[in-house]
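Novice: Supplied in structure tokens, the structure appears directly below.
The values are calculated or read from the model by the stated rules, or taken from the named source; none is laboratory data. None of these values were measured; they are calculated from a predicted model. Heads up, the Cβs are rebuilt from the backbone with ideal geometry, glycines too, and the neighbour counts pull from every protein chain shown. Accessible surface areas use protein heavy atoms only, side chains included; no ligands, DNA or RNA. Shrake-Rupley method; radii C 1.70, N 1.55, O 1.52, S 1.80 Å.
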Amino acid sequence: MDMKTPATLPDFADLLLDAVFMVDVRGHIVYVNAACECIFGYTPAEMIGKKLIDFVLPEDRVRTWEEAMLVMTGRPRVGFENRYVRKDGSIASIMWSARWSKDDQLRIGVARDVTDRKRAEALQAATYAISEAAHTAGDLVGLYREVHRIIAKLVPVTSFAVAMWDETTGRLSFPYQLDIQGDSALVQDPVARQLCADVIHGRQPVLAPEASPDALAGDAASQEEGESWLGVPLVTRKNTMGALIVKSHLGTFYTEKDKELLQYVSTQVVTAIERRQLHDELLRLAQYDDLTGLPNRRVFYDRMELALARKRRERGRAAVLYLDLNDFKQINDSLGHAAGDLMLQEVARRLKQCVREEDTVTRLGGDEFAVLLEKIQMPEDAEAIAEKVHTALGQPASIAGKLLRMVPSVGIALYPDHGNRVEELLKHADNAMYAAKKNTASARRKGHFPGASALSLPPAGETF
């Protein structure tokens, strides 16, 4: 190629499938062959005189300009890839071979459209990444965050939302939604909500504004700025669990290929969500009491170990309440186990209302419960909470059509007064609880209502 006579280039370059560009030192296009229209959608006349950088996707402009500077230093470059916005608003992935003509003061580059190849590579990587995320994400929100990151590599995304549909209640929820600024107001947009409804009920992917022309009719600003929406359903073997909703960058538009790609990805996402839900359910069953939803004995022991370790470092105090329900067996015998289960659930609910969020309430088994109080200053603090528990549980409850009172016996153990280890504290609290139960039984035999006498705080070191 004669670099001194670039005017002779078009006769040969117009026959190429790749686009040939000549760009001056200021970044303006001075020549491009006819192949540019097949790749970018613009005719040569529409591109000549314009700055090449203005056609680059905004996210890629900084590194594209850095690459151009390297070429202009006289270093030929082969294989540089970046993305451009086509005339129809879609995204093209381009691979460049470029060099600098010192005599002509022109940057000469050959652009090859590698969009299909990049899309196939990205899709393969996304499929693997979503599968990995199903195993590594800490919870469902973590999984949705990873899916957001993965999809943002496939299509331009400024806002992303996961919509979940409860077929039984007809309720639509958004467990995850985030835009590029970190805000979560996507679902307030009427277009997003209409799109969700269209996608979920139609069980088909939808491009907006096609999905909701009425919603877009009053949103002229969005049309002028060129926002594009895309929604795909999350379809299981039995029903539609929800939808993925994405919003494009300003000036870019989703295409039918983007719709097909996201629909394919959605099937991987459904599998990942179901796997994560199953994992979370198995974890819940392993860590929580199935009847009351409270942490089970193993979790309670673990939390006590951690709490005591913190108190040793801080030289602080903690307390354990151990309680059971007086005469609970009579309820099971007279009203049945279903009524007993309802009472245990009501006890769990009231116990949680008596303590702070950082405290732990557990069902140890049967009608026995325990409460870990991490932040107490004085023994009187634990006594006050125990009194609160006794009062709350002693209020009548409607169980199986009858008004019943749930009178507990409560024992207290203090750290470090009554022990330094989990087993010591629980044994002490258990003994204190049985002492309280004896006081209750004695009061009944004497014809007295037990009241606060069901509470017991033994002296440090005393055993029963």
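Novice: Which one is most open to solvent (accessible area, probe 1.4 Å), of the residues in the range 270-317 that are assigned to a loop (DSSP other than H, G, I, E, B) and touching a residue at least 60 places away in the same chain (Cβ under 8 Å)?
Specialist: Once the filter is applied, the top-ranked residue is L291.
Novice: Then there is this: Within the range 178-189, is there a residue that is outside any strand (DSSP E or B), among the aliphatic types (A, V, I, L, M), surrounded by fewer than 18 Cβ atoms within 10 Å (Cβ to Cβ) and modelled with pLDDT of 90 or more?
Specialist: Applying the first criterion (outside any strand (DSSP E or B)) to the range 178-189 yields 180-189.
Keeping just the survivors that are among the aliphatic types (A, V, I, L, M) gives 180, 185-187.
Checking which are surrounded by fewer than 18 Cβ atoms within 10 Å (Cβ to Cβ) leaves us with 180, 185, 187.
Now restrict to residues that are modelled with pLDDT of 90 or more: none.
No, the range 178-189 has no match at all.
Every residue, every condition in (1) of a type in the set (G, A, S); (2) under 20 Å from R312 (Cβ atoms); (3) open to solvent by 30 Å² or more (accessible area, probe 1.4 Å), yes or no:
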{"position": "D381", "(1), (2), (3)": "no, yes, yes"}
{"position": "A384", "(1), (2), (3)": "yes, no, yes"}
{"position": "E387", "(1), (2), (3)": "no, no, yes"}
{"position": "P396", "(1), (2), (3)": "no, no, yes"}
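Novice: Let me ask another. In this structure, is K257 part of a helix (DSSP H, G or I) and surrounded by fewer than 16 Cβ atoms within 10 Å (Cβ to Cβ)?
Specialist: yes
Novice: Right, another one. Any chance you could count how many residues in the range 318-333 are open to solvent by less than 90 Å² (accessible area, probe 1.4 Å) and in a helix (DSSP H, G or I)?
Specialist: The total comes to 3.
Novice: Can you work out which of the residues in the range 100-116 that are farther than 19 Å from G41 by Cα and surrounded by fewer than 18 Cβ atoms within 10 Å (Cβ to Cβ) is farthest from the chain's Cα centre (by Cα)? It would help to see each step written out before you state the result.
Specialist: Initial filter on the range 100-116 (farther than 19 Å from G41 by Cα): 100-108.
Those still in the list that are surrounded by fewer than 18 Cβ atoms within 10 Å (Cβ to Cβ) too: 101-105.
On the way: S101: 51, K102: 53, D103: 56, D104: 55, Q105: 52 Å.
Result: D103.
Novice: I've got another one for you. Out of everything in the range 145-168 that is more than 12 Å from G242 (Cβ to Cβ) and either touching a Ser or Thr at 6+ places or on another chain (Cβ under 6 Å) or acidic (D, E) (or both), what residue ends up being surrounded by the most Cβ atoms within 10 Å (Cβ to Cβ)?
Specialist: Here the residue is P156.
Novice: Assess whether A120 counts as being among the aliphatic types (A, V, I, L, M) and at pLDDT below 95.
Specialist: yes
Novice: Working only within the range 56-69, note down all residues that are closer than 19 Å to I29 by Cβ and of a type outside the set (D, E, K, R).
Specialist: Across the range 56-69, the qualifying residues are V56, L57, P58, T64, W65, A68, M69.
Novice: Out of L207, L230, L234, L244, I need the residue that is assigned to a strand (DSSP E or B), modelled with pLDDT of 85 or more and over 23 Å from the mean Cα position of the chain (by Cα). Which one? Quick ask: steps written out before the conclusion?
Specialist: Details: L230 fails: over 23 Å from the mean Cα position of the chain (by Cα); L234 fails: over 23 Å from the mean Cα position of the chain (by Cα); L244 fails: over 23 Å from the mean Cα position of the chain (by Cα).
From the options L207, L230, L234, L244, the qualifying one is L207.
Novice: While we're on this one: I'd like to know if the range 67-85 contains one or more residues that are closer than 21 Å to S248 by Cβ, open to solvent by 10 Å² or more (accessible area, probe 1.4 Å) and of a type outside the set (V, I, T).
Specialist: Yes - at least one qualifying residue is present in the range 67-85.
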